[in-house]
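Undergrad: I'd like to ask you about the structure that follows.
Since every read-out is calculated from the coordinates, none of them should be taken as a lab result. The model shown is predicted, which means the values in this text are computed figures rather than measured ones. For neighbour counting, all protein chains shown are included, and Cβ atoms are generated from backbone atoms with ideal geometry for every residue, glycine included.
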Amino acid sequence: MTDRTLQYRYLGFISLVLGFAVVHWLKPVLLPVTIALFMTAVAWPINTWLNKIFPKRISHILSYVALISILGVFTGICYMAIAEVTANFPKYENQLIKLLQDLSVVLRDYGLPTPREINSEQVQNIVTPLITTFYTTLGHTVLVVALVILGLPELIYWEDKLENCLGKTSGTRWGKAATDAANSFHKYMTVMTGIGAISATCTTAFAWITGLDFALLWGLLAFIFNFIPVLGAMLLLLPITFVATMQFGDSSQVWIVLIGMGMIQFFIGNILDPKFQGKFLSMSPIVILISIAFWSFLWGIPGAFLAVPLTHIFMVTCYQFPNTKKIACLLSEGKGTCNI
């Protein structure tokens, strides 16, 4: 290996690290843009279908109406879930205070620092920022919707732009990569949304039947956490366990809730998810876990939700070019046959 080759490899590695640092630093800008691009990919098939029925301008308007309606329904469900938690929080306040006081005793026994005094004001100080952050996140959807509204009409000309800017050969190749990535993402979102709806319905119904508080919240979380493969089910069971223990105490009702919720999440995560995701992702489970950890490090919680589609789009793009096709093979599941 020549010195020049080593220099190129070192330069490439340094450029890669700097690129990831820039992605992390530009999170406030890149994250909404990325979400907007994904939403545009979801809305584009709707627009294409409407184009066959209505003129282009009308189909664009109807696409926006459909997208905003979907977001409005989701936002309304989120608001109802948060309102339910806010309304029922006072009856858990004393239990939370006692729990924190018991935790302070345990920490003190082990010589760890503890709060001097735990009261209802401190509990409110813990919960209020969480709710504020949630509503702030919902507020960012306005920016995302604006980007989608501006970007959706531009997709009509993107193939011509690529050919004019990159040349016919390179433009066609990059255009095919973008088309394949968009189609793959649309299939992924369709499957995950369907599975998430099943999980949310089963979770909400079971919580309502067993009398567990915040049934709508658990269904909403089941739908959202479904977009984090492998880890989503475990993340959902943690708050359910916590609330069930505080609500039912040491009764057998806690075990009924945990076993029932665990069976629902096991069925969704180990039977439905692998069966349907395998048709569209073809990603190694190890790669999925690493991608979740990596994008969570770069972009926090939103990165965990975007990790799988971002990594899969990277795979699809690499598959279109001879020099990077091996990378797609390494990231694929099984023996790396690159059936993307």
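Undergrad: Would you calculate the separation in nanometres between label points at GLU93 and LEU235, each defined as 7 Å from the Cα along the Cα-to-beta-carbon direction?
TA: Placing both labels 7 Å along Cα→Cβ, they lie 3.0 nm apart.
Undergrad: Would you mind getting me the FRET efficiency between SER15 and LYS187? Use the beta-carbon distance for r and R0 = 35 Å, nearest 0.05.
TA: Calculated transfer efficiency: 0.60.
Undergrad: Test of understanding: express the Cα radius of gyration of the range 170-279 as a ratio to 2.2 N^0.38 Å, with N the residue count. Mind showing how you got there, number by number?
TA: Numbers: Rg = 17.5 Å, N = 110, 2.2 N^0.38 = 13.1 Å.
Scaled against compact globular proteins, the figure is 1.33.
Undergrad: Oh, and also: Quick check on packing: order 209-221, 306-318 by the mean number of other C-beta atoms within 10 Å, highest mean leading.
TA: The packing order, highest mean first, is 306-318, 209-221.
Undergrad: Calculate the spin-label point distance for THR172 paired with ILE53, positioning each point 7 Å from the Cα along the beta-carbon direction, and give it in nanometres.
TA: Taking the simple label geometry, ILE53 and THR172 are separated by 3.5 nm.
Undergrad: Moving on to the next point. Among SER69, SER199, SER59, what is the fewest-to-most ranking by other Cβ atoms within 10 Å?
TA: Exposure proxy ranking, most exposed first: SER69, SER59, SER199.
Undergrad: Something else: Post the alpha-carbon centroid distance, the range 210-242 to the range 41-84, in whole angstrom.
TA: 26 Å
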